[in-house]
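Below: one structure, written as structure tokens.
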Amino acid sequence: MSGKSYTMKEMKAIVEYLTEHRAYGDIKGRKMWMNLASSKVTNRTWQSLKETFLKRILPDIHNPYYKLTLTQISSFQQGHDIEVRLNNKLQIRSSSQNSDTDGDIEKDADIPGTSNGKNEVKTAGEDHKLSNA
């Protein structure tokens, strides 16, 4: 590795930038690192920022110095924002549960009558007994 070593302050600034922008899924790309380099958080190239994060910071992301929550640590390790995915799953489940509930209400409304619209209720085997009588 050539050049000046990263200070802990610089590494913390990188982590803070990533958490502020919730860029957990962008760490292997290029655009976010270019934006970070142009933001003047540090005087490093985007290539250097990316390489340092992937090789030095990410393996040690659980370090208390970064002051990250367990959710943030997991988001970095898994490469996506866990909170957003959990919220999406909750919305999908509650939407599907709501549609199931609505469907049950409609099905219950059809139980008393038959499909031909008459209010006769037939039980299994009734027609068979009537035809034998």
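The values are calculated or read from the model by the stated rules, or taken from the named source; none is laboratory data. Just so it is clear, the model here is predicted, and its values are computed rather than measured. As a convention, Cβ positions derive from the backbone with ideal geometry for all residues, glycine included, and neighbour counts pool all protein chains shown. Note: accessible area is taken over every heavy atom of the protein model, side chains too, but ligands, DNA and RNA are not part of it. Shrake-Rupley method; radii C 1.70, N 1.55, O 1.52, S 1.80 Å.
Modelled label positions at LYS67 and SER5, each set 7 Å beyond Cα in the direction of Cβ, lie 2.4 nm from each other.
Net charge near THR7, counting Lys/Arg +1 and Asp/Glu -1 over other residues with Cβ under 15 Å of its Cβ?
Details: positive: LYS4, LYS9, LYS12, ARG44, ARG56; negative: GLU10, GLU16, ASP60.
Residues near THR7 contribute +2 overall.
Rounded to the nearest Hz, the phi-derived 3J(HN,Hα) couplings of the range 22-32 under the Karplus curve 6.51 cos²θ - 1.76 cosθ + 1.60 (θ = phi - 60°) are 6, 8, 4, x, 9, 5, 9, x, 10, 4, 4, where x marks glycine and proline.
Less than 5 angstrom separates the built amide H of ASP81 from those of GLY25, all sequence-distant by 5 or more or on a different chain.
At 1.4 Å probe radius, can you tell me the per residue accessible area of the range 8-83 in Å²?
Per residue, the range 8-83 has an accessible area of 59 Å².
Where does the charge balance sit around ARG44 when Lys and Arg score +1, Asp and Glu -1, over other residues with C-beta under 13 Å from its C-beta? Numbers along the way, then the final one.
Working: positive: LYS4, LYS9, LYS40, LYS50, ARG56; negative: GLU10, GLU51.
Here the count lands on +3.
May I ask you to give the percent of accessible area on the range 8-83 that is carbon plus sulfur, with a probe radius of 1.4 Å? Carbon and sulfur atoms account for 50 percent of the accessible area of the range 8-83. Which one, ALA37, PRO59, ALA23, projects farthest toward the positive side of the charge dipole computed for the range 8-83 from Cβ point charges (K/R +1, D/E -1)? Value: ALA37.
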